[in-house]
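> This is the structure, below, for whatever I ask next.
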2 protein chains.
Amino acid sequence: MPLVSEPLNAGQAERLAPSFKALGDPVRLRLLSLIASHAGGEVCVCDLTDAFDLTAPTISHHLKVLKETGLVTAERRGTWVYYRARAEALGLLSAVLAVPQPAVLQESNA
Amino acid sequence: MPLVSEPLNAGQAERLAPSFKALGDPVRLRLLSLIASHAGGEVCVCDLTDAFDLTAPTISHHLKVLKETGLVTAERRGTWVYYRARAEALGLLSAVLAVPQPAVLQESNA
DNA sequence: CGCTTGATTAGACGTCTGCCAAAATAGGCG
DNA sequence: CGCCTATTTTGGCAGACGTCTAATCAAGCG
């Protein structure tokens, strides 16, 4: 399963790449982190908007990208929309990048 | 350190995003996997080029992106250039995405 | 040397991305 | 209902991205 164990085939790469792409923007990375690390597991969009110097539509756009790749879910309750991280998705990506031996012990080649 | 433990600040996000962005393309993902999973730890560019329906310059471009983000290193030996994955970099990204509890056991909220 | 093979760089082209302002949708409340 | 706040959708624009062809750089060899 990890990327270092055996070569990803085209299909696997095609399926994984969009998730990494979603993480490839600083704003989305922070959004995901804000959501994933929040006590209670969910965050209201209004709280996220305040954390950036960006307009609400822009934040909404980034959240949509995260949602479409399955990294977060959204639920409307009354006036507000709450976002929640999907630990399953994060764990999968983490596993794909995981290296068998501790990275620090990388062998030296002559 | 992991993304779920506490919110990434702007600087951390700015530093991590380019790496994830580099992984956000299927071709680069496969390239990295081919390099990282190869016996001996290194792969000649000529072998990589053959694995795709893309021109050599395009492969070279993607390898450059991977190299610039520190995910791989390149070394020329004679006629050929060999690429090698940086386990340290992979491990770091994996750690950032890691979730404390197994993803499967995600708690259910009422 | 001059050629050949391996790899990268330069330049061009269409597409995608991130941002914003403006408009639309959703729900609550007087 | 009509309005107000929260959020998303639409449309437009500048810049970035992935790909190619053509040209250039590197190294080995006759």
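> Go through (1) buried (at least 21 other Cβ atoms within 10 Å of the Cβ); (2) closer than 14 Å to A:Arg30 by Cβ; (3) within 16 Å of DNA strand C (Cβ to nearest atom) for B:Leu3 and report which single condition fails.
All conditions pass for B:Leu3, except number (3).
> Additional query: Does at least one position in the range A:45-56 carry a residue that is among the acidic types (Asp, Glu), more than 8 Å from chain B (Cβ to nearest Cβ) and touching a helix residue (DSSP H, G or I) at 6+ places or on another chain (Cβ under 9 Å)?
Yes, the range A:45-56 has at least one match.
> Another question, if that's okay. Within the range B:1-103, which helices (runs of 4 or more DSSP H) (wholly inside it) include 2 or more residues that are aliphatic (A, V, I, L, M) and within 15 Å of DNA strand D (Cβ to nearest atom)?
B:10-23, B:26-36, B:45-50, B:56-68
> Still on this structure, I have one more. Please find, within the range B:11-30, the residue that is surrounded by the fewest Cβ atoms within 10 Å (Cβ to Cβ) out of those that are more than 7 Å from chain A (Cβ to nearest Cβ) and free of Cβ contacts under 8 Å to residues at least 40 places away in the same chain.
B:Gly11
> Being among the hydrophobic types (A, V, I, L, M, F, W, C) and within 10 Å of DNA strand C (Cβ to nearest atom) is the filter; apply it to the range A:54-88 and report the residue that is least open to solvent (accessible area, probe 1.4 Å).
Filtering first and then ranking leaves A:Ile59.
> Determine, yes or no, whether A:Gly91 is within 13 Å of DNA strand C (Cβ to nearest atom) and either in contact with a Leu (Cβ under 6 Å, 6 or more places away or on another chain) or within 30 Å of B:Glu42 (Cβ to Cβ) (or both).
no
> Please identify the pairs in which a residue from the range B:63-86 that is over 30 Å from B:Ala13 (Cα atoms) and among the acidic types (Asp, Glu) has its Cβ atom under 9 Å from the Cβ atom of a residue that is away from DNA strand D (no atom under 11 Å from the Cβ) and not in a strand (DSSP E or B), counting only partners at least 6 apart or on another chain.
From the range B:63-86, no pairs qualify.
The values are calculated or read from the model by the stated rules, or taken from the named source; none is laboratory data. Predicted model, so just to flag it, every value in this text is computed and none were measured. Backbone-built Cβ (ideal geometry, glycine too); neighbour counts: all protein chains shown. Ligands, DNA and RNA are excluded from the accessible area calculation, which covers all protein heavy atoms including side chains. Shrake-Rupley method; radii C 1.70, N 1.55, O 1.52, S 1.80 Å.
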